[in-house]
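Read through the structure below, which is laid out as structure tokens, and then see the notes.
What follows draws every value from the coordinates through simple rules; no lab data is involved. Remember, predicted model here, so these are calculated numbers, not experimental data. Neighbour counts are summed over all protein chains in view; Cβ atoms, including those assigned to glycine, are modelled from backbone coordinates with ideal geometry.
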Amino acid sequence: MAEQDDAVPGEPGGDTVGDPFREITVTQPTAAAGGFSDDVSSTNDAGTEQQQTKQPDVVDGPRRRARRERAERRAAQQRAMAIEQARREAKRQARGRAVDPAKPVPRGAVRGLKLALATVGLTALTVALGLVLYFTPVMSARSIIVTGIGAVTRDEVLGAAQVRLGTPLLQIDTDGVADRVAAIRRVASARVQRQYPSALRITIVERVPLVVKDFPDGPHLYDRDGVDFATAPPPPALPYIDVDNPGPTDPATKAALAVLTALRPEIVAQVGRIAAPSVASITLTLNDGRTVIWGTHERTEEKAEKLAALLTQPGRMYDVSSPDLPTVK
């Protein structure tokens, strides 16, 4: 009976205690040992899974640790850089400097600034010089030059100008002086100029008589504008004008004077009288008694040309009222 109780190693129902080969035979089960195959297979499968799950920890562990360490180093570097940047920015602000670096001034702006400063300086210098010349007698009117006078005397011009010698030239109102001189009846226009350093020039243009008209107080002289500028004996060969209301605004006067200014000088010298009762009935009487029927003041230039040709022919009456059909009688 005792011999039967001893189990044979590797058979079912045998005692497994103290058998050193038990584990080795389990890892490689045989098909004939069917009584314990299921339990042993499950146990071996679990052991195999544990071995498979533990192997990556052994192989991949150092790589993961290296990646983790690199990530930690980068994070530490970024924190250090952020701290350093914040420190620098705080230092700039403490010194009163801008965070962004200042941009260099463009060359064009520098040139523009220099030009502006030069302009301001030149303006200030000009103003200062003008003030000196305006308020001091450095450049004053020490002499007055009058030109263009004939019938008008120098004393008349100076009396109308009212300029005191020694007055600074810049203080003299040249336009005002010219207007006062032009108010003289015989003066047609006046021009006043400063001549530095110490002279004032007054240039006048006198009125030239073109026609004369008799009045109870004597003959009145009229220029080409119809201005009555003098009461005096007329120059020789000056034609008389016959109009009702002579003057620069009278239409008949303006028409008669336009005829005389259109004639050639040698023809005007032959005219003794011009009558213009209206602008449509103008007649000329020559010094030798011949008559010229002018008609209206239209086509004046053309009529003047035709009259110059007709006067070369003998006759007593010359009609140029129709310049297309001039006649001589």
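Per-structure values
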| item | result |
| --- | --- |
| Selection of trypsin sites (Lys or Arg not before Pro), the stretch 251-321, meeting DSSP coil and at most 11 other Cβ within 10 Å | Arg316 |
| Karplus (6.51, -1.76, 1.60) ³J(HN,Hα), θ = phi - 60°, over the stretch 177-184, in Hz, Gly and Pro reported as x | 5, 5, 5, 5, 5, 5, 6, 5 |
| Förster radius 51 Å - calculated FRET efficiency between Leu125 and Asp217, Cβ distance, rounded to 0.05 | 0.25 |
| Length added when fully stretched, Gln85-Ala237, from 0.36 nm per residue minus Cα-Cα | 43.9 nm |
| When each of Lys213/Lys254; Lys213/Lys329; Lys213/Lys303; Lys254/Lys303 is checked by Cα-Cα distance, pairs over 21 Å | Lys213/Lys329; Lys213/Lys303 |
| Rg over Rh [alpha-carbon atoms, Kirkwood Rh] for the stretch 140-206 | 0.94 |
| Relative contact order for the stretch 211-328, counting Cα pairs under 8 Å that sit 6 or more residues apart, in percent | 17 |
| Long-range amide H partners of Ala141 with built H, under 5 Å | Gly166, Thr167, Leu169 |
